[in-house]
Amino acid sequence: MKRPALFLIVLLVFATASRADVWLTDFAAAQERARREDKPMLLNFSGSDWCGWCIRLNNEVFSTPAFITFATQRFVCVLIDSPRRTPLPEALAAQNRALKQRFEVPGFPTILLTTPEGKTLARTGGYRAGGPQAYVDHLDQLLRLSKEPSPAPTEDQP
């Protein structure tokens, strides 16, 4: 009887730790990791403790095993949070304000796919209905479209 309980506790600790490991908060460290792993970055601009759509996106998508598996294989994920009730260290809050301004984020949630150097590849408004698989499909599509060459200008286009 004790072994199944111990197994469940170990499983819960591992699941919680792996969920936390998905989202980095230090942008410079995330860039370095993205360069080292040759992956694009997924930037999650969130108001984690007050934005209803952000909370819903986290609960229905970002905290699910399906998304965690996908995200850790394809991206370096960065949480750029702007909470109202949860205090952040001043350096982190300043970094997040600067990133919000740099990437011209109008509201929350905003999700960006970028190169490790910070060039925007794609932008989406955040929450999408349909759960983790629909969101994974959406991110895959954005990534594919960002890699397609732009059409050559026609004679009518400058």
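Could you derive backbone 3J(HN,Hα) for region 89-106 from the dihedral phi with the Karplus parameters 6.51, -1.76 and 1.60 (θ = phi - 60°), listing whole Hz in sequence and x where the residue is Gly or Pro?
x, 4, 4, 5, 4, 5, 4, 5, 5, 5, 5, 4, 6, 4, 8, 6, 7, x
In nm, give the distance between the simple-model label positions of R33 and D137, each being 7 Å from the Cα along the Cα-to-Cβ direction.
Those two pseudo-labels are separated by 2.9 nm.
Could you check the spin-label model distance between Q73 and A91? Points 7 Å from the Cα along Cα→Cβ, value in nm.
Once both label points are built, they end up 3.5 nm from each other.
Roughly what would the spin-label model give for R128 and D26, points 7 Å off Cα along C-beta, in nm?
Output for this residue pair reads 3.2 nm.
How much net charge surrounds D26 when only other residues with a Cβ under 12 Å from its Cβ are counted (Lys, Arg +1; Asp, Glu -1)?
0
I'd like the Karplus ³J(HN,Hα) series for region 41-52: coefficients 6.51, -1.76, 1.60, θ = phi - 60°, whole numbers in Hz, and an x wherever there's a Gly or Pro.
Values, residue by residue: 9, 10, 9, 10, 7, 9, x, 4, 10, 9, 7, x Hz.
For L24, list long-range residues whose amide hydrogen, built 1.01 Å from N in the peptide plane, is under 5 Å from its own amide hydrogen.
The list, which skips near neighbours in sequence, is C77, V78, L79.
Laboratory data are not the source of any read-out in this text; all were calculated from the coordinates shown. Note that this is a predicted model, so its numbers are computed, not measured. In this analysis, Cβ positions are derived from the backbone assuming ideal geometry, glycine residues included, and neighbour counts consider all displayed protein chains.
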